[in-house]
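Report on the structure given below.
The values are calculated or read from the model by the stated rules, or taken from the named source; none is laboratory data. What you see is a predicted model, and the numbers here were worked out from it, not measured in a lab. Positions of Cβ are backbone-derived with ideal geometry, glycine not excepted, and every protein chain shown enters the neighbour counts.
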Amino acid sequence: MDAEKLRVAREKLTRVFRYLEALNQHRNPAKRQLREQPWTLWMRDLPDHACVQRGAARTSSAKAKAQNGQTMEGPSHILKVRRPRLTRPPDPPQEISAWLEDGWDDPWNSVAVEETQQDREKGAEPRIVKFADDPARSAALARWKLIRDPWVESEKPARAAMKIFETFYTLYGRIDREAERVELILGDGILGWRRAEGSIFHQSCCSVFNCISMLPYPSSPSAKRIIRSNCTRRCSSPCPMWTDV
């Protein structure tokens, strides 16, 4: 093949690759905003519960010590979540159980009672009975609330921890099924960049803001390098970020 034919072939091949690159960018535009990702969780939104344990990313000096075989101090994980134990609320007294509105067993709901009920006795016309007509009912409700309030205070963080656990367990299943399409990364910091083609608000390693996101796995090598350079912890198998007990 002479030099002219080789030049023409290279130009044609270059145009084909440029077309494929433009087509890929059109079909898979870069995600510039965190809200565009399939899933995002801010570390500041994690509940304060024993089943949600926060660690810290290793510094360069700590990594050097680990490579030299020295003992590492502090936790070896960034985030560890295990299944919390949920408890039932105290049973209400019998005299008020029929008056309670639905949702009294949810710690996020306030206790509410029906103001009136119909009392149907055999052989008599139904009559309207008010909850406040019997002082014993009001006293029983007040005593039961005093027992329920401590349960609410301890159960709310447990329910929030269970929601986090179930979320991560669902993510684990998705990553297991779509390992070639998505990945879980932890970003330390926020990159804000105003550009003519659109602003960027995404994770980076430049500050102290922590955010976990599920990202579509990048198709181009350059995008992979950028994400790898901005990632402080990557999900591995088996995933160290949660445990099921």
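Annotations for the structure displayed:
- Any hit, region 73-90, residues being more than 28 Å from the chain's Cα centre (by Cα) and at pLDDT 80 or above: yes
- Qualifying residue in region 135-143 (condition: within 27 Å of residue 159 (Cα to Cα), at pLDDT 95 or above, surrounded by fewer than 15 Cβ atoms within 10 Å (Cβ to Cβ) and touching a Pro at 6+ places or on another chain (Cβ under 8 Å)): yes
- With respect to the conditions (1) in a loop (DSSP other than H, G, I, E, B); (2) out of contact with any strand residue (DSSP E or B) (no Cβ under 9 Å at 6 or more places or on another chain); (3) surrounded by 11 or more Cβ atoms within 10 Å (Cβ to Cβ), residue 85 lacks only one, and its number is (3).
- Close pairs (9 angstrom Cβ cut-off, 6 or more residues apart or separate chains): among the small types (Gly, Ala, Ser) in region 171-184, at pLDDT below 90 anywhere: 179/217; 179/237
- Residue, modelled with the lowest pLDDT, within region 21-72, restricted to residues that are of a type in the set (Lys, Arg) and assigned to a loop (DSSP other than H, G, I, E, B): 58
- Yes/no for residue 197 being assigned to a loop (DSSP other than H, G, I, E, B) and either surrounded by fewer than 18 Cβ atoms within 10 Å (Cβ to Cβ) or modelled with pLDDT of 90 or more (or both): yes
- Counting only residues that are over 38 Å from the mean Cα position of the chain (by Cα) and assigned to a loop (DSSP other than H, G, I, E, B), region 96-144 holds 9 of them.
- The condition (being out of contact with any His (no Cβ under 7 Å at 6 or more places or on another chain) and small (Gly, Ala, Ser)) is satisfied by just one residue among 158, 132: 132.
- Restricting 15, 35 to residues that are among the charged types (D, E, K, R), more than 20 Å from the chain's Cα centre (by Cα) and farther than 24 Å from residue 162 by Cβ narrows the list to 15.
- Scan of region 25-49 for residues that are farther than 17 Å from residue 182 by Cα and either surrounded by 11 or more Cβ atoms within 10 Å (Cβ to Cβ) or free of Cβ contacts under 8 Å to residues at least 60 places away in the same chain (or both), ordered by number: 25, 26, 42, 43, 45, 46, 47, 49
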